[in-house]
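First the structure, in the form of structure tokens, and then the observations on it.
The values are calculated or read from the model by the stated rules, or taken from the named source; none is laboratory data. This structure is a prediction, so every number in the text was calculated from the model and none was measured. All Cβ positions, even for glycine, are placed from backbone atoms using ideal geometry, and neighbour counts span all protein chains on display. For accessibility, only protein heavy atoms count, side chains too; no ligands or nucleic acids. Shrake-Rupley method; radii C 1.70, N 1.55, O 1.52, S 1.80 Å.
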Amino acid sequence: MNTKAEIQTMLAAYTARYPDERAAMEPFVRYVASFDAPALYDRKNFVGHLTAGALIVSRQTGCVLLLKHKQLGKWLQPGGHVEASDASVLDAAFREAREETGIGRDRLELLAPSGSLLPVPADADGHYIPPCPSKGEDEHWHFDMRFVFLFDGDPRVVIDRAESDGFRWVTLDELASMPDFRRVAPKIRAALSEREIAF
């Protein structure tokens, strides 16, 4: 897992890239300052914990893969908790993509700014998670780091039915109209543009 210092470095690079989000990122930054690994990742830390997300973009269509989250009833990107076996938050994003969609790491290309020793997420934010009595979980916060990946493969993915009720590919315009992704869609478009990929 990434150390606390590495996460702080990634967040510093993120806020340098997106300075208009500096104020919104303060709770995330304070959270990381308050805990060391492994408490940053501990699912029983009901202040919150770090999570990883995979924004998977089709190289052919520019559409983004969303899953209908079973517990929350919302359309979200693949992602979830960072496990002790994950070498980093980025590795957790790769693993979650494979577990939830069947898309392996070998078919995903990370789109991240160059020049950084550590990968800079395309989006980082904190969001509230309601209590889940069936899992013995109190309410808490997920501090999510989302990475963009290009995918060159079959759009018919194999989802984990224990986690998701369905999947769909949405255009960047559709993504921009969804409250959970309004600020993410332009970042994905910018990441594609840096690779001279346009849709």
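The residues of region 93-147 that are hydroxyl-bearing (Ser, Thr, Tyr) and either in contact (Cβ under 8 Å) with a residue 60 or more places away in the chain or in contact with a Lys or Arg (Cβ under 9 Å, 6 or more places away or on another chain) (or both), listed by number, are 101, 116.
If you go through region 155-199 and pick out every residue that is outside any helix (DSSP H, G or I), over 16 Å from residue 67 (Cα atoms) and modelled with pLDDT of 90 or more, you end up with 3. Residues in region 127-154 that are open to solvent by 30 Å² or more (accessible area, probe 1.4 Å) and in a strand (DSSP E or B): 127, 128, 141.
Total residues in region 82-108 satisfying the condition of being modelled with pLDDT under 95 and closer than 24 Å to residue 183 by Cβ: the figure is 0. All conditions but one from (1) open to solvent by 10 Å² or more (accessible area, probe 1.4 Å); (2) in contact with an Asp or Glu (Cβ under 9 Å, 6 or more places away or on another chain); (3) modelled with pLDDT of 90 or more apply to residue 114; the one that does not is (3).
When restricted to residues that are among the hydroxyl-bearing types (Ser, Thr, Tyr) and either open to solvent by less than 10 Å² (accessible area, probe 1.4 Å) or closer than 19 Å to residue 123 by Cβ (or both), region 63-111 contains 2.
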